[in-house]
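The values are calculated or read from the model by the stated rules, or taken from the named source; none is laboratory data. Worth saying up front: this structure is predicted, and the values here are computed from it rather than measured. With ideal geometry, Cβ positions are generated from the backbone for all residues, glycine too; neighbour counts draw on all protein chains shown. Calculation scope for accessible area: heavy atoms of the full protein, side chains included, ligands and nucleic acids excluded. Shrake-Rupley method; radii C 1.70, N 1.55, O 1.52, S 1.80 Å.
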Amino acid sequence: MSDFLKIGELKENLVKLIEAKFELTKLNVQDKIESIAVKAAYALITFILSIVVIIFLSILIAIGLNHLIGSSWLGFLIMFGFYAIILAIFIFAKDSVQNTIKRRVEEVVDEHL
């Protein structure tokens, strides 16, 4: 009879161990998801602020070029041309840019998982 009680106790302990391991795994996954979400939110905020800085810097440069050239619009045309060239490079180098972005995303995900 005491062997039966030990088997029952062993079974109960085994079930508790499995439940504890499941809970630990769940908490680890939750922690990693939270970490990724925080870093993604930070990256999004940084991206938005960077865009605002670039816009204002571009306006500042265009106005400065207008002042140097003595024109009211040529500085803005130069800045437009600059960004049009960057856009063309991104369009024509689409595969290379996408592969670079993919590698970077994979590195970040691998680092956190």
Whichever lysines have a C-alpha closer than 28 Å to that of K16, once near sequence neighbours (fewer than 8 apart) are set aside
K6, K26, K32
Solvent-accessible area of D95, probe 1.4 Å, all protein chains present, reported in Å² to the nearest ten, please.
100
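Under 8 Å for C-alpha pairs, at least 6 residues apart: give me the relative contact order for the chain, rounded to a whole percent.
20
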Please compute the modelled spin-label separation between A84 and F56, points set 7 Å along Cα→Cβ, answer in nm with one decimal.
2.8
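As an exercise, identify the chymotrypsin sites (Phe, Trp or Tyr not before Pro) in segment 70-113 lying in DSSP coil whose Cβ has no more than 15 other Cβ atoms within 10 Å. Don't skip to the answer; put the middle values down first.
Working: sites: W73, F76, F80, F82, Y83, F90, F92; in loops: W73.
Here the sparse-neighbourhood loop sites are W73.
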With a 1.4 Å probe and every protein chain left in place, work out the accessible area per residue of the chain in Å², rounded to a whole number.
88
Multiplying the sequence separation of D95 and L14 by 0.36 nm and subtracting their Cα-Cα distance, what value in nm do you get?
23.9 nm
Rounded percent of accessible protein surface that carbon and sulfur make up, the chain, 1.4 Å probe
74
Treating cross-link reach as a plain straight distance, find the lysines whose alpha-carbon is under 16 Å from the alpha-carbon of K102, omitting any fewer than eight places away in the same chain.
K94
Span-rule helices in the chain, defined as complete DSSP H runs reaching 20 Å or more along the axis (Cα) with Kyte mean at least -1.0
2-69, 74-92
Within segment 31-61, chymotrypsin sites (Phe, Trp or Tyr not before Pro) in DSSP loop having at most 10 other beta-carbon neighbours inside 10 Å:
none
